[in-house]
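Report on the following structure.
The values are calculated or read from the model by the stated rules, or taken from the named source; none is laboratory data. Predicted model, so just to flag it, every value in this text is computed and none were measured. Heads up, the Cβs are rebuilt from the backbone with ideal geometry, glycines too, and the neighbour counts pull from every protein chain shown. Side chains are part of the model used for accessible areas, which takes the heavy atoms of the whole protein and leaves out ligands, DNA and RNA. Shrake-Rupley method; radii C 1.70, N 1.55, O 1.52, S 1.80 Å.
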Amino acid sequence: MTTAKIDFDSFMSDLKDRTPHEDAFHQAVSEVVEDILPLINDNAAYRDAALLQRLTEPDRLISFRVEWMDDENKVQVNRGHRVQFNSAIGPYKGGLRFHPSVDPSVLKFLGFEQIFKNALTGLPMGGGKGGADFDPRGRSDAEIMRFCQSFMLELHRHIGPDVDVPAGDINVGAREIGWLFGAYQRITNSFEGVLTGKGLSFGGSQLRVEATGYGLIQFLCHMLARHDDGIEDKTIVISGAGNVALHAAELALKNGGKVVTLSDSGGFIHDGEGLTQEKIDWVRDHKAKPDSSLGAYAKEFSADWQEGEAPWGVACDVALPCATQNELDEKDAAKLIDNGCMAVAEGANMPTTAKGRERIRKSDILFGPAKAANAGGVAVSGLEISQNQMRRDLSCEELAELLQDIMKTIHDKCVEAAEEDDGKIDYAKGANIAGFRKVADAMMAQGHA
Ligand code: NDP
Ligand code: 2IT
């Protein structure tokens, strides 16, 4: 038997028929399939094994009610999910996001991306993602803690150190991971490495907090170095003001870059003088306060605040979208190109729209795709898992070296698998192909129904 070759449009149209209204998921799949379809069409065994169809259907999607008591003793109801997408190369691994926009489509796009990202790290982790449509904005600390506990009341049945190991994502930081971990421990009466991003006193890893932002800058530096350039004196525009954005800003500064913007869901600040470590620390403290807006930065440091706007119109050499999906569109890409931007590296997951990517791909801009450029966070999560299993902590120096090595290896894997056009590497294609190859080999070796 030889299964016929797959046509891109028919495949996507079948996928859309099976998963209506899941636009973000379709976008993520389309972007990967475009690059890996030639490999599948060159390999009859892949097609006979329905590899692509199996790869794009999650192992399971668990949805559940999360009920919790607010500060007025009113019962509130939210919806939680965990997408366990693919476990061919290791236990499911991926973050938890609490945001009103969370739905199966968003989590499936994130879980699908995570399969390839985790494969690129070289560590044994499958792909998963989870979260809830809970909005922590306007909620007290006690309410958020109770929400985490109720969320874990159901999630604990589906996770475990050898099954599925969640971590943080938007609005789930070290504090929420601590509350989730405490609830898991009380429910199951076992102390095990079931979450990553934990506090250092109960099994967390050094450098996990910094890893995504730091890894992003390391990846960017490798891309620039391969093209005989560096980050020093470059003007850098960053979106977001959370974990990824602030750590990216921090390492960019340490390496001699000039960071001139940050943003949040209310707008962006433009600081022509450039951020300093002191200003970054101020933003971290300020944003940790409930419902705080980045707008206050403008008064504190005499900078510009552009309400409701994104920062892509600010002239820069490097742009780092680090907030959320589809935050950089075709028009934004055109502004970056017009302003002479030379590199875009994605700290957030799928921050660039399909048309935005297309525009960038056709330009001279070097493009570091999320699944490669932001893999540092999950890589250190993978190292947290091994530290927990060994019951031995690595030092900050050891972890810093491991993170450096992993980001360099990811960069080199992308280059090796990519196409080079006039000296410019298609990193997005390289990341998709290199991530796919590892997962495909494992799936083929493990057989099918
Ligand atoms: P945080 O919750 O720490 O920060 C998120 C930031 O993005 C905040 O400044 C938030 O603004 C802003 N933001 C969120 N949603 C929107 C929106 N719809 N429009 C505009 N701004 C928005 O999250 P992280 O920094 O951890 O995550 C940021 C991105 O990085 C996400 O895409 C995440 O998936 C990705 N990522 C995170 C990793 C990690 O280790 N944490 C690893 C790899 C990727 P506000 O405060 O106003 O809500
Ligand atoms: O998108 C991501 O890679 C994360 N949010 C981190 C996942 C993890 O398991 O550390």
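Among all residues of the stretch 167-183, there is none that is touching a helix residue (DSSP H, G or I) at 6+ places or on another chain (Cβ under 6 Å), within 12 Å of ligand 1 (Cβ to nearest atom), assigned to a loop (DSSP other than H, G, I, E, B) and at positive phi. The set of residues in the stretch 357-388 that are of a type outside the set (A, V, I, L, M), open to solvent by less than 10 Å² (accessible area, probe 1.4 Å) and away from ligand 1 (no atom under 15 Å from the Cβ) contains only 387. Residues considered: 84, 114, 53. Of these, the only one that is part of a helix (DSSP H, G or I), among the polar types (S, T, N, Q) and either open to solvent by less than 10 Å² (accessible area, probe 1.4 Å) or within 16 Å of ligand 2 (Cβ to nearest atom) (or both) is 114. On the stretch given as the stretch 247-300, residues that are of a type in the set (Val, Ile, Thr) and touching a Pro at 6+ places or on another chain (Cβ under 7 Å) total 1.
Of 109, 134, 147, all but one fail to be within 18 Å of residue 171 (Cβ to Cβ), of a type in the set (Phe, Trp, Tyr) and either open to solvent by 10 Å² or more (accessible area, probe 1.4 Å) or part of a loop (DSSP other than H, G, I, E, B) (or both); the exception is 134.
Beta carbons closer than 9 Å, at least 6 apart along the sequence or on distinct chains, pair a first residue in the stretch 217-236 that is in a helix (DSSP H, G or I) with a second that is of a type in the set (D, E, K, R) for 217/250; 217/254; 218/408; 219/408; 222/408; 222/412; 223/229; 224/234. If the condition is being open to solvent by less than 60 Å² (accessible area, probe 1.4 Å), away from ligand 1 (no atom under 16 Å from the Cβ), out of contact with any strand residue (DSSP E or B) (no Cβ under 9 Å at 6 or more places or on another chain) and not in a helix (DSSP H, G or I), then the stretch 191-215 contributes only 203. Only one of the listed residues (166, 161) is open to solvent by 30 Å² or more (accessible area, probe 1.4 Å) and either under 22 Å from residue 60 (Cβ atoms) or in contact with a Lys or Arg (Cβ under 9 Å, 6 or more places away or on another chain) (or both). That residue is 161. Consider residue 399 carefully, then state whether it is more than 17 Å from the chain's Cα centre (by Cα) and not aromatic (Phe, Trp, Tyr). So residue 399 passes the test.
Right, residue 261: touching a residue at least 24 places away in the same chain (Cβ under 8 Å), touching a helix residue (DSSP H, G or I) at 6+ places or on another chain (Cβ under 7 Å) and either β-branched (Val, Ile, Thr) or farther than 23 Å from residue 394 by Cα (or both) or not? Here the answer is yes, as residue 261 does meet what is asked.
Does residue 340 fit the bill of being open to solvent by less than 60 Å² (accessible area, probe 1.4 Å) and closer than 29 Å to residue 105 by Cβ? It is false that residue 340 is open to solvent by less than 60 Å² (accessible area, probe 1.4 Å) and closer than 29 Å to residue 105 by Cβ.
Selection over the stretch 20-44 of residues that are farther than 23 Å from residue 329 by Cα and in contact (Cβ under 8 Å) with a residue 60 or more places away in the chain gives a count of 2.
Being in contact (Cβ under 8 Å) with a residue 60 or more places away in the chain, in a helix (DSSP H, G or I) and open to solvent by 70 Å² or more (accessible area, probe 1.4 Å) is a property that holds for residue 408.
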